[in-house]
Amino acid sequence: MVKMTVRDVDPGGKKVLVRVDFNVPLQDGLVNDDTRIKASLPTIRYLLEKGAAVILASHLGRPKGRRDERYSLRPVVTTLAELLGREVAFAADCVGPEAQEQVAALRPGQVLLLENLRFHPEEEKNDEGFARQLATGAELYVNDAFGTAHRAHASTVGVTRFLPAAAGLLMEKELTVLGRLLVSPRTPFVAILGGAKVSDKIGVVENLLAKIATLVVGGGMANTMLAATGRSVGKSLREEGKEDLALAILNRARELGVAVLLPVDAVVAPALLATAPARTVPLQEVGDEDMILDIGPASRDRIARALKDAGTVFWNGPPGAFEVAPFAGGTMALARTVAGLSATTVVGGGDTVAAVRRAGVAGNITHISTGGGASLEFLEGRELPGVAALRDLTV
């Protein structure tokens, strides 16, 4: 069912509670990366242009249900005000008399940012009373935080019991782009999956296998699959006890005619350290004391050939430990390859997004998803509570 969006409601003159994802990194009391804030701007600007008063609610970090100034959203105010080009007020709490007074005083064209939702344990418990307090004073609710849509929290699900609920423009874009991957991707469709654990992405693999032509596997996932097929991976990161799961994926791919590309060479070292002696070896020469920390040039070329004629590429998880300079080559090469394709390219997951930004090619990716866990659960075919709670669009 298609969900109602901000375009399907009239926010003019209304106070609109908007769930945004301002879970941004802070350094020395300043926002260190404003990507998520920028992603929310189209919805905020749309509402302001339509004459709404905008109340913004978000979490930041994991304060564990108590006030912790390290996770205050106050530093976001300066960045948001600069990006919007207008004043942004701040409420020292997200509920309670003072916050409600500020909401009541808000006028069309004004913006108020509430303090961290997760300073209250009731947020993550989806407490009805807390949700009612959040909704007090607002006349419409908009969820534009796709990255939290897989959580049934008070600010993503509970408030929809008290306010008409619509999707924001970012939420709409995420659902449209990711939905197209599942329903009508341009073919051939290639999925690139990395990360530490096979078990973390088993649902995605199972759901995508019938839709893709090629599965490229890197990182710890690849190590587990290689070990399951009898290859030596030395001291490399892999998921112990998941060999049967890895083999099941490989067998299912074979049954469906899906090509699975595992590394054929690797950059290895005795430890994940920038100072560790690194060397590139064919996979069969990985020693017992070696750690596979990146894919080698032969693997990079093999992947590039597989991607050359792709119609759609979905990438989640780097193929190496790119945070450490000697082991960044494979991930940087892959980022440049993906960015240079004429295919529809979708990148998700915090590490992968960081990689394409580090490679300087983010602007050449069709869509960079803001939802890590939410993206994966959506691609598994699971219903996201924060999406399900929004009103269906009736024609």
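Here are the numbers:
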quantity: Protein-only accessible surface order, largest first, of GLU380, GLU240 at 1.4 Å; calculated: GLU240, GLU380
quantity: Helix 243-256 vs. the chain, principal-axis angle (Cα, 0 to 90°, nearest 10); calculated: 90 degrees
quantity: Helix axis angle, 219-228 relative to the chain longest principal axis, alpha carbon, degrees; calculated: 40 degrees
quantity: Apportionment of accessible area to carbon and sulfur, the chain, percent (1.4 Å); calculated: 48 percent
quantity: Protein-only accessible surface order, largest first, of THR160, THR312 at 1.4 Å; calculated: THR160, THR312
quantity: Segment 250-395: antiparallel DSSP beta bridges as a percent of all, rounded to 5; calculated: 55 percent
quantity: Segment 345-395: trypsin sites (Lys or Arg not before Pro) in DSSP loop, at most 15 other beta carbons within 10 Å; calculated: ARG382
quantity: Angle between the chain longest axis and helix 169-183 axis [Cα atoms, degrees, rounded to 10]; calculated: 40 degrees
quantity: Loop trypsin sites (Lys or Arg not before Pro), segment 90-193 (other Cβ atoms within 10 Å of the site Cβ: 16 or fewer; DSSP); calculated: LYS125, ARG186
quantity: Structure-derived volume of the Cα convex hull per residue in Å³: which label, when the choices are [x] 144; [y] 157; [z] 200; calculated: [x]
quantity: Surface accessible to a 1.4 Å probe, per residue, for the residues of segment 118-247, Å²; calculated: 37 Å²
quantity: Accessible area of LEU283 in the full protein assembly, 1.4 Å probe (Å², nearest 10); calculated: 10 Å²
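The values are calculated or read from the model by the stated rules, or taken from the named source; none is laboratory data. Since the model is a prediction, treat every value here as computed from it, not as a measurement. Positions of Cβ are backbone-derived with ideal geometry, glycine not excepted, and every protein chain shown enters the neighbour counts. Remember, those area values only see protein heavy atoms, side chains included, never the ligands or the DNA or RNA. Shrake-Rupley method; radii C 1.70, N 1.55, O 1.52, S 1.80 Å.
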